[in-house]
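Undergrad: Sending over a structure as structure tokens; questions will come in a sec.
The values are calculated or read from the model by the stated rules, or taken from the named source; none is laboratory data. None of the values given here were measured: they were computed from a predicted structure. Here the Cβ positions follow ideal geometry from the backbone for every residue, glycine too, while neighbour counts run over all protein chains shown. When the accessible area is computed, the model is the full protein with side chains, heavy atoms only, and any ligands, DNA or RNA have been set aside. Shrake-Rupley method; radii C 1.70, N 1.55, O 1.52, S 1.80 Å.
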Amino acid sequence: MFEMIDHTKTNWIYIDHSSLFNWFFYTFLALGLTSFTISVIKNKFAIGTNIFLCFCSIVSYLLIDKTIALSLQVIISIFLIINWQRMFKDWIFIAYPIFGILFTTFFGTNLSITGNQIWHVFIGPSGTISVITFYLVLKRSKNKLSKILK
């Protein structure tokens with residue numbers, strides 16, 4: 001929602017800038033990734049580390065640069081991938097890093113470098129596919145559990 005509000009300020013043309021609404025967008029992205037990550041972790045140190053990285057990501061956007069915030073979110077995503085794959089052992093989860101990290105980074109980098117707005121069109125669907133991956137993994141794990149319990 002905050003990304004959309006930011007776009008209304010730029011007439012829906014992507015401009016590589018920092019703003020309060022972009023900060024909110026990246027803050028909630030960091031909180032979401034961290035929540036997904038710690039939802040499957042039992043180790044308190046690992047949970048604390050992820051929360052610390054999330055906090056650093058949020059603060060670094062404001063105080064330093066959004067590049068640092070994005071780098072920290074990549075680290076959080078790596079923890080997410082490792083822990084979700086360890087927990088669910090589902091091959092379909094490979095779609096998350098492909099669409100949620102590789103493709104969105106590729107499209108976003110092309111958008112920032114070229115300024116060609118067509119790249120922005122691909123970021124949303126790529127992110128959506130990565131979120132659907134979480135749903136599918138959870139749905140499939142529920143189905144597997146149901147079969148085991150029967």
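Undergrad: Considering every residue within the stretch 112-135, establish whether at least one is open to solvent by less than 30 Å² (accessible area, probe 1.4 Å) and either over 14 Å from the mean Cα position of the chain (by Cα) or assigned by the TED database to the domain that holds T37 (or both). Show your work before the answer.
TA: Within the stretch 112-135, the first condition is being open to solvent by less than 30 Å² (accessible area, probe 1.4 Å), and the residues that meet it are 126-127, 130, 133-134.
The next check asks that each one be either over 14 Å from the mean Cα position of the chain (by Cα) or assigned by the TED database to the domain that holds T37 (or both); those that pass are none.
No, the stretch 112-135 has no match at all.
Undergrad: List every residue pair whose Cβ atoms sit under 6 Å apart, with the two residues 6 or more apart in sequence or on different chains, where the first one lies in the stretch 122-150 and is at pLDDT 70 or above and the second, anywhere, is open to solvent by 50 Å² or more (accessible area, probe 1.4 Å).
TA: What qualifies is S126/F99; S126/F103; I129/F99; S130/F99.
Undergrad: Could you tell me whether any residue of the stretch 93-111 is touching a Lys or Arg at 6+ places or on another chain (Cβ under 8 Å) and either open to solvent by less than 80 Å² (accessible area, probe 1.4 Å) or among the hydrophobic types (A, V, I, L, M, F, W, C) (or both)? Outline the logic, then answer.
TA: The initial filter retains those residues of the stretch 93-111 that are touching a Lys or Arg at 6+ places or on another chain (Cβ under 8 Å), namely none.
So far as the stretch 93-111 goes, no, none of its residues is touching a Lys or Arg at 6+ places or on another chain (Cβ under 8 Å) and either open to solvent by less than 80 Å² (accessible area, probe 1.4 Å) or among the hydrophobic types (A, V, I, L, M, F, W, C) (or both).
Undergrad: Could you check the stretch 2-90 for helices (runs of 4 or more DSSP H) lying wholly inside it with 1 or more residues that are open to solvent by less than 70 Å² (accessible area, probe 1.4 Å) and modelled with pLDDT under 85? If you could, list the steps in order and put the result at the bottom.
TA: Numbers: elements: 2-9, 20-38, 44-63, 66-88.
So the answer is 2-9, 20-38, 66-88.
Undergrad: Looking at the structure I just gave you, is S141 open to solvent by less than 60 Å² (accessible area, probe 1.4 Å) and more than 21 Å from E3 (Cβ to Cβ)? Outline the logic, then answer.
TA: On the way: open to solvent by less than 60 Å² (accessible area, probe 1.4 Å): yes; more than 21 Å from E3 (Cβ to Cβ): yes.
So S141 fits the description; yes.
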